[in-house]
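Notes to accompany the following structure.
The values are calculated or read from the model by the stated rules, or taken from the named source; none is laboratory data. All figures in this text were calculated on a predicted structure; none of them were measured in a lab. Cβ: placed from backbone, ideal geometry, glycine included. Neighbour counts: every protein chain shown. SASA here: full protein model, heavy atoms, side chains in, ligands and nucleic acids out. Shrake-Rupley method; radii C 1.70, N 1.55, O 1.52, S 1.80 Å.
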Amino acid sequence: MTEDKDTHPSSTHPPLPPTSEDDQFMRLRLLRSRRVGIATYYRLLIEHGTAQNALAALPEVARAAGVERYSICPERVIHAELKAGRAAGARLVARGSRDYPSALGDLNDAPPFLWVIGDTRLMHRPMIAMVGARNASSLGTRMARKLASDLGTAGYVIVSGLARGIDASAHIAALETGTAAVQAGGVDTIYPAENAELAQNLAKSGLRISEQPMGLQPMARHFPARNRIISGVAVATIVVEAAAKSGSLITARDALDQGREVLAVPGHPMDARASGCNMLIRDGATLVRSADDVLEALTPLATRNTPELPLDIPERPPQDRRSLRETADLHSQILSRLGPSPLAEDQLIRDLNTPASAVAPALVELELDGSINRAPGGLLSRAS
């Protein structure tokens, strides 16, 4: 199983934040354990009540899934990560705590922990995501700077991904009013290197955020997970320039899945860098000519009352009573319905015509076994 960053827990109630440094240490150790992604993390925490109990049970859970000689994350690894965080001037923020972005905490696949460097007060202000092409045009970067500056003046924090092009232009224009960068690698790892000075400025007067361990060098698979955080912390996502197949459109799709507003700046039909934006507008995204269009689109959102999710631990689900034969049969049914193309977990459960309470533990076992992969949005696929 590849380490997933998505979750589809059996309850919509997130667990309480860590109650002590020891509890936080144990939860981080659980999250960093081999083949434990966010989905498995939440499931184990709910089923076993505490991270310590979940860690104790994890080798047996892995053994039941066919993984022998399983070992949990060594304590020295977590000590080293926490030490690296202190050395970098970073803070570890747990889901449910005061400094955790409330909009992100509402999502099913919210990261259990975020490493942050900079002004955490920005996470309490409304955010607007702005993404676009790395090889942006001169007009595109000018538009990004103008939108970021005007929306910052209107009180919004501009969030983006610290990439070259549109991202960097938006960050620079919003440094004085407030901007946050979500990084694909560790919060102490700057990518691309050309944005090192910008990253330093963000640490001084803005904010850098990452769910990844300290020191992690970003890889291609980390960027889609990063994108869901960019859209997840924001009330809306604006795409300034984007090709028809680009990471910016992945962020826009994440925003739609999260119930956020999606807006796009139109471009010339002959410019490939505008094709993705034009497609979004064709499919219903709000057309953006200036910050006024964005503010007008967001006005109805300000009147909505979003109920807060209660931060309590739900009742522990009933103990699984499947026999070995029934377990093997359910595993076989799941794998026969999954292929390389992602399938929504809800759809899989409907196809199986089996209670979710029975399918959920089987999915955890198959994740630990490395037989299935998860993608952002609760999508499942069979491992190759």
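Here are some notes:
- Residue selected from segment 255-273 under the condition touching a strand residue (DSSP E or B) at 6+ places or on another chain (Cβ under 8 Å) and either of a type outside the set (A, V, I, L, M, F, W, C) or assigned to a helix (DSSP H, G or I) (or both), by the criterion surrounded by the fewest Cβ atoms within 10 Å (Cβ to Cβ): P266
- The listed residues are A94, A84, A62, A90, and the only one of them that is of a type in the set (G, A, S), within 24 Å of A356 (Cα to Cα) and in contact (Cβ under 8 Å) with a residue 40 or more places away in the chain turns out to be A62.
- Meets criteria (touching a strand residue (DSSP E or B) at 6+ places or on another chain (Cβ under 9 Å) and over 21 Å from L295 (Cβ atoms)) for R221: no
- The residues in segment 197-213 that are assigned to a helix (DSSP H, G or I) and within 13 Å of V157 (Cα to Cα) can be counted, and the count is 2.
- Criterion violated by T354 - all others in (1) in a helix (DSSP H, G or I); (2) farther than 30 Å from G247 by Cβ satisfied: (1)
- Search result, residues across segment 278-330 that are surrounded by fewer than 13 Cβ atoms within 10 Å (Cβ to Cβ), under 30 Å from S357 (Cα atoms) and modelled with pLDDT under 65: T306, P307, E308, P310, D312, E315, R316, P318, Q319, R321, S323, L324
- Condition check for A88: small (G, A, S) and either surrounded by fewer than 19 Cβ atoms within 10 Å (Cβ to Cβ) or under 24 Å from G215 (Cα atoms) (or both): yes
- Total residues in segment 100-115, condition among the charged types (D, E, K, R) and open to solvent by 30 Å² or more (accessible area, probe 1.4 Å): 1
- Residues in segment 128-162 that are over 17 Å from S290 (Cα atoms) and at pLDDT 95 or above: V159, S160, G161, L162.
- Residue pairs meeting the criteria (Cβ under 7 Å; at least 6 apart or on separate chains; first closer than 16 Å to N373 by Cα, in segment 344-355; second modelled with pLDDT of 80 or more and among the charged types (D, E, K, R)): L348/R337
- One residue stands out among those in segment 133-176 that are surrounded by fewer than 20 Cβ atoms within 10 Å (Cβ to Cβ) and of a type in the set (S, T, Y): the one that is nearest to R273 (Cα to Cα), which is S137.
- Segment 274-293: number of residues that are part of a helix (DSSP H, G or I), under 24 Å from the mean Cα position of the chain (by Cα) and aliphatic (A, V, I, L, M): 1
- Test: residue in segment 230-241 that is without any contact (Cβ under 8 Å) to a residue 40 or more places away in the chain, open to solvent by less than 20 Å² (accessible area, probe 1.4 Å) and on the phi < 0 side of the Ramachandran plot: no
- Cβ-Cβ distances below 6 Å connect the following pairs, each with a first residue in segment 187-207 that is farther than 12 Å from A168 by Cα, a second residue that is assigned to a helix (DSSP H, G or I) and at pLDDT 95 or above, and a separation of six or more residues or different chains: I190/A196; I190/A199; L207/L122.
- Count of segment 218-254 residues which are in a loop (DSSP other than H, G, I, E, B) and not acidic (D, E): 13
- For segment 13-49, a tally of residues being assigned to a helix (DSSP H, G or I) and either in contact with a helix residue (DSSP H, G or I) (Cβ under 8 Å, 6 or more places away or on another chain) or not charged (D, E, K, R) (or both) returns 21.
- Test: residue in segment 180-194 that is among the hydroxyl-bearing types (S, T, Y), within 25 Å of A274 (Cα to Cα) and open to solvent by less than 20 Å² (accessible area, probe 1.4 Å): no
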